[in-house]
Amino acid sequence: MKKAFLTICFIAVTVALTAQQWNIAIDHYETDSQLLDGCCTDNNETVFVGVWDTEAYAIKIDEHGNYTQKFFSRDNRSSRFHSIIPIENGNYFVTGVSITNDIEYLWVLVLDNDMNIVKEQYYEKEEEYSGPDVTFYNGENCKAVVDDDGTIVVCVGVRMPFLPQTYRTRPVFMRFNTDCDRLNSVFIASDDYGNLFYDTNFWLTSIMNDPDNNDILVVGPGQGNCSSVMRFDYDFNLIMHHVFYEHIVDKIVSEAISDHIIDDNDILVLGWITDPDIHNKHMIVYGKADINNGYIYEDLWINKPDTLNYTIDNHSMCYVNDTTIYLASRARLHYWGGPYALELYLVTKNLEILGSKYFYDETGYWPKTAIATKDDGIVAVSTSRSERTYIKKLLREDFNPIPCSVSEVPKEKIKAAAFPNPTKGEINIDISEISTIDSDVRFRIFNADGRICLDRIINGMGNLLTVDVSSLPDGTYTFQIVKGNKNIISDKFIKE
């Protein structure tokens, strides 16, 4: 195919620095622009790709917050990037879409470390999913992962006519080498695998390489409003499929996402369920799921107990290590409409909440993607109703992880159920009535708005729990000690 002339626009910007945390705000100038995917390099630079109006767009940010934007403009073409992953030699493998003369092509590129195009290929739709009303669906339904042999697996949703005036999205799995050559392509039609996708959209949230089995795990698609996990072999044959269920209330889990395979049987999962008692209220569910049956057998519910209408979606999970995992979600304080907020949680593999951050302004935050950085931080991307993109870098210490310890002290030194109260630093809590401290015993702190600040497993033996709350903002807090589903101790304290 004859290629049109390519113009790449470079814009370099330096932002103010505070340690290695930074904030970037980019105005869109009334354009439909968004960042859809990102990755982190070995030297701790972050790269995000997406679309700016009708142009494919990338932004590269160094560890200090200095950034360079690039616009990939072609004559008589509109284009956008969907996904980016790092590959060998410091390069990036990028997928996107390019449209010319009303013909849509899958655009596959290799970019070097300076965002220059090294190689590229265009691919027309194949016969199984061709036609004037068939489109490669938006970039939130396209993911890529590097397989064990160095090839790149890409899964993209294809939007197709289903019934009169209705559409459904179906998956296409492709395998590429680092020269952008397509080695294999498998389209899954609505009648494949027992009508698995017959009356539902394939909405992809995660794709992961399982190195122990040389398989691909896909999280996201499922019947109706549920989410599921699927395992495919090297040639994209379906091995298994299970819908996610939460084990306590036996409810389906929606909009699930994963970023970590625990072992052959289990993965970490983030999603939401509807509150069993309140319609139009969601609860974040973060837990461990058995991929052989779909059950989330151990989990942590993160909700806002004083809000009747509270919905959550647009999740991201960023695994750094077993004690540093970031969860990001968009929260709406009313079922329909805004305001939107960005909620971030620092959690552990043992399902503890170590800290949280909450971002909101009157224009709202709409989280798009988040990635972990090499210094154990997180970069979260959001858009707002005021046509602005926010990119925030936070370090682990910004979440103010609250240390807890258990000790045995003489009874006469325990002055009250919680002391000193008020406190400026540590608070001591009498736990002498807890006969056995095991992994079922947890300590939780909520602020005055009902937002959870801490949820930790109590480790150690003793009669006094000491908690350093010096990092908490001044105010009144509620704490709970629970064992299983039973509330053992509950009280309040004031942080000055």
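On the basis of being open to solvent by less than 60 Å² (accessible area, probe 1.4 Å), at pLDDT 95 or above and either of a type in the set (Lys, Arg) or under 21 Å from residue 302 (Cβ atoms) (or both), does residue 452 make the cut?
no
One line per residue, one yes/no per condition, for (1) assigned to a strand (DSSP E or B); (2) open to solvent by 50 Å² or more (accessible area, probe 1.4 Å); (3) modelled with pLDDT of 90 or more:
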residue	(1), (2), (3)
234	no, yes, yes
255	yes, yes, no
263	no, yes, yes
267	yes, no, yes
272	yes, no, no
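Which one of these does residue 209 not meet: (1) assigned to a strand (DSSP E or B); (2) crowded, with 20+ Cβ neighbours inside 10 Å?
All conditions are met except number (2).
Just to be sure, is residue 455 without any contact (Cβ under 8 Å) to a residue 24 or more places away in the chain and more than 19 Å from residue 415 (Cα to Cα)?
Details: without any contact (Cβ under 8 Å) to a residue 24 or more places away in the chain: no; more than 19 Å from residue 415 (Cα to Cα): yes.
It is false that residue 455 is without any contact (Cβ under 8 Å) to a residue 24 or more places away in the chain and more than 19 Å from residue 415 (Cα to Cα).
Go through region 408-449 residue by residue and tally those that are open to solvent by less than 30 Å² (accessible area, probe 1.4 Å), over 21 Å from residue 471 (Cα atoms) and more than 35 Å from the chain's Cα centre (by Cα).
2
Among the candidates 31, 68, which residue alone is open to solvent by less than 40 Å² (accessible area, probe 1.4 Å) and either in a loop (DSSP other than H, G, I, E, B) or of a type in the set (Ser, Thr, Tyr) (or both)? Break it down into steps so the answer makes sense when it comes.
On the way: 68 fails: open to solvent by less than 40 Å² (accessible area, probe 1.4 Å).
None of the other options fit; the residue is 31.
Quick check on my filter: what residues within region 140-155 are touching a Cys at 6+ places or on another chain (Cβ under 7 Å) and in a helix (DSSP H, G or I)?
Listed by number, the list is empty, since nothing qualifies.
For region 394-431, what are the residues that are of a type in the set (S, T, N, Q) and modelled with pLDDT of 90 or more?
First, pick out the residues of region 394-431 that are of a type in the set (S, T, N, Q): 400, 405, 407, 421, 423, 428.
Scanning region 394-431 gives 405, 407, 421, 423, 428.
Considering each of 91, 76 in turn, give the residue that is surrounded by fewer than 23 Cβ atoms within 10 Å (Cβ to Cβ) and modelled with pLDDT of 95 or more.
So the residue among 91, 76 that is surrounded by fewer than 23 Cβ atoms within 10 Å (Cβ to Cβ) and modelled with pLDDT of 95 or more is 91.
Evaluate the following for residue 106: is it at pLDDT 95 or above, of a type outside the set (Lys, Arg) and under 27 Å from residue 173 (Cβ atoms)? Write out each step before concluding.
Numbers: at pLDDT 95 or above: no; of a type outside the set (Lys, Arg): yes; under 27 Å from residue 173 (Cβ atoms): yes.
Against the criterion (at pLDDT 95 or above, of a type outside the set (Lys, Arg) and under 27 Å from residue 173 (Cβ atoms)), residue 106 does not qualify.
Please state which one of 333, 346, 342 is modelled with pLDDT of 90 or more, buried (at least 16 other Cβ atoms within 10 Å of the Cβ) and not aromatic (Phe, Trp, Tyr).
Details: 333 fails: modelled with pLDDT of 90 or more; 342 fails: modelled with pLDDT of 90 or more.
Only one candidate qualifies: 346.
Cβ-Cβ below 8 Å, separation at least six or inter-chain, first residue in region 72-94 and at positive phi, second open to solvent by less than 40 Å² (accessible area, probe 1.4 Å) and among the polar types (S, T, N, Q): which pairs?
Going by the 8 Å Cβ cut-off, the qualifying pairs are 76/100; 90/41.
Among the residues of region 455-473, write down those that are under 14 Å from residue 495 (Cβ atoms) and either over 33 Å from the mean Cα position of the chain (by Cα) or surrounded by 19 or more Cβ atoms within 10 Å (Cβ to Cβ) (or both). Please lay out each step first, then the result.
First, the residues of region 455-473 that are under 14 Å from residue 495 (Cβ atoms): 467-473.
Hits for region 455-473 are 467, 469, 472.
The values are calculated or read from the model by the stated rules, or taken from the named source; none is laboratory data. Small disclaimer: the values here were computed from a predicted structure and weren't measured. When we count neighbours, we look across all protein chains shown, and the Cβ atoms used for this are built from the backbone with ideal geometry, even at glycine. Heavy atoms of the whole protein, side chains included, go into the accessibility calculation; ligands, DNA and RNA do not. Shrake-Rupley method; radii C 1.70, N 1.55, O 1.52, S 1.80 Å.
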